[in-house]
Structures are given as C-alpha cells and as structure tokens.
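The values are calculated or read from the model by the stated rules, or taken from the named source; none is laboratory data. Here the structure is a predicted model, which is why all the values come from computation and not from measurement. Cβ coordinates were reconstructed from backbone atoms using ideal geometry, including for glycine residues, and neighbour counts include every protein chain displayed. To get the accessible areas, we keep the full protein, side chains included, count just its heavy atoms, and leave off ligands, DNA and RNA. Shrake-Rupley method; radii C 1.70, N 1.55, O 1.52, S 1.80 Å.
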Amino acid sequence: MRRIYAVTLSARFPVSAALLRRLALASIVANVGIVATGGLVRLTASGLGCPTWPRCTDESYVNTPEMGIHGLIEFGNRLLTFGVGAIALAVVVAVLLHRPRRPGLLPLAVGVLAGIPAQAVIGGITVLTDLNPWVVGLHFLASMVVIAVAYALWRRIIDPDGPVVPMVPGPLRTLARL
C-alpha cells in the first residue's frame, strides 16, 4: 500500500530535474547565508546576545528589547535555522517525488537535512560554553561539511548515473583528505 501511495503521489506532483536543482541551489545559498549571519554574530560580538540556549533568556525563546542589537543579531541567526531547515526538508521531499529515482540523491538530501539540527545543537553548546573557541571552530567546520554535502547534491543532480569517474588527480585527492 505504501508503494502505491508513493507512486501516486509522485505522479500527481512530479518534480523535474530543473526544480530539484533549483531547490538544491536554494539549500546551498541558505546554508552559506546562515554562515554569513554567523560571521556577523562573531564579528559584532553578539555570540552571547541570547545568553542561554535553546531559549534566548530564562523566560523567553525570543530576544527582548533590553538585549539591544546583539540580542537581535543572535536571535536572527537562530531564527534563520528554521528557514534553512524548511528548504532542506523541501529538497528531501522533492528527491522523493522526482522520477526516475536517482541513486545517491536521497542520502545527500537527508545528510543536509540532518546537518541542520546538528548545527543547532553545536550552536547551543557554543553558547553554553561561553563561546569556547574550539566549539566555535567545530560549529564552523560542521557548517562547511553541510555546505559541501549540499553542493555534492546540487552537482549530483546533473551528473549522469553510472560509475564515478574522478576528476581530480590522485595525489591532489590525497592531499585534500589529509
């Protein structure tokens, strides 16, 4: 029954490769955007603009006027997480509705989606450790992984199915892994 429903749903709401690619690009842009606003948080020293996590204060999930611009910047960055997550979810749904089903797209789409709450948790740990530089660095590196996976998905949508052909010489791939 589940298989019939999925086939009917994908026939009713077909997702073209062009739409899938646009959504994947939107995911890249959204993830780069949240990194940019995270940079703004860091550069304006607004990292503790919301001094607790997951709430902004002990009494409120949102920033208060008393927190000033720093609270607004930090809360804005936190709020963008929901937009980035919504786009990532839309990509997963689009991958599921896309026909013919392409191997390898779903794990990448789910990887991006799973990276969003993971980033929120790491961001929370960043706040709870009073902006420990190691945790801030981990937060940034995890963002780079999510962006890389989002890019891999975007790229994979136009790549033909078949065996993977390395485009980069072996020594350079080894250097990149190191």
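With contacts defined as alpha carbon pairs under 8 Å and 6 or more residues apart, what's the relative contact order of region 1-156 in percent? Walk me through the numbers before you get to the answer.
On the way: 171 pairs, mean separation 48.4, N = 156.
Here the relative contact order equals 31 percent.
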> How far is helix 17-43 tilted off the main Cα axis of the chain, in degrees rounded to 10, range 0 to 90?
Replying inline: 20
> Cα centroids of region 14-75 and region 145-161: how far apart, whole angstrom?
Replying inline: 23
>> Tell me the angle of helix 68-97 to the major Cα principal axis of the chain, expressed in degrees between 0 and 90 and rounded to the nearest ten.
In response: 10
> Excluding Pro51 itself, what net charge comes from residues whose Cβ is under 13 Å from its Cβ, given Lys and Arg +1 and Asp and Glu -1?
Replying inline: -3
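To the nearest 0.05, what FRET efficiency results for Phe82 and Ala176 with a Förster distance of 41 Å applied to their C-beta separation? Don't skip to the end; give the middle numbers.
Working: r = 33 Å, r/R0 = 0.80.
Computed FRET efficiency for Phe82 and Ala176: 0.80.
From the alpha carbon gyration tensor of the chain, can you work out the equivalent ellipsoid semi-axes (sqrt of 5 times each eigenvalue) and give them in Å, largest to smallest? Walk me through the numbers on the way to the answer.
Details: eigenvalues 240, 98, 30 Å².
Each semi-axis is the square root of five times an eigenvalue, giving 35, 22, 12 Å.
Expressed in nm to one decimal, what extension gain is obtained for the pair Arg155 and Leu106 from 0.36 nm per residue of sequence separation less their Cα-Cα distance? Mind showing how you got there, number by number?
Details: separation 49, 0.36 × 49 = 17.64 nm, distance 1.34 nm.
Once the chain is fully extended between Arg155 and Leu106, it gains 16.3 nm.
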> For Arg42 and Ser16 in the same chain, what is the full-extension length gain: residue separation times 0.36 nm, less their Cα-Cα distance, in nm?
Replying inline: 5.4 nm
> If you take the alpha carbon radius of gyration of region 78-148 and divide it by 2.2 N^0.38 Å, what ratio comes out, to two decimals?
Replying inline: 1.28
>> Running a GNM on the chain with Cα contacts under 10 Å, which residue among Met167, Met67, Met144 ends up with the highest mean-square fluctuation?
In response: Met167
> Relative to the longest principal axis of the chain, what angle (0 to 90°, nearest 10) does the C-alpha long axis of helix 133-158 take?
Replying inline: 20
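Counting helices only, and only those DSSP H runs with n ≥ 4, report the 222 nm mean residue ellipticity of the chain as the sum of -39,500 (n - 2.57) divided by its residues, in deg cm²/dmol to the nearest 500.
On the way: 6 runs with 126 residues, N = 178.
Mean residue ellipticity, 222 nm, calculated: -24500 deg cm²/dmol.
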>> With every protein chain left in place and a probe of 1.4 Å, what is the accessible surface of Tyr61, to the nearest 10 Å²?
In response: 130
> Where is the GNM fluctuation largest for the chain (alpha-carbon springs, 10 angstrom cutoff): Ile116, Ile28, Ile158?
Replying inline: Ile158
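What order, most packed first, do the peptides 172-178, 39-45 have when packing is the mean number of other Cβ atoms within 10 Å of each residue? Intermediate results must be reported in sequence, preceding the final value.
Details: 172-178: 8.7, 39-45: 14.0.
Order by mean packing, descending: 39-45, 172-178.
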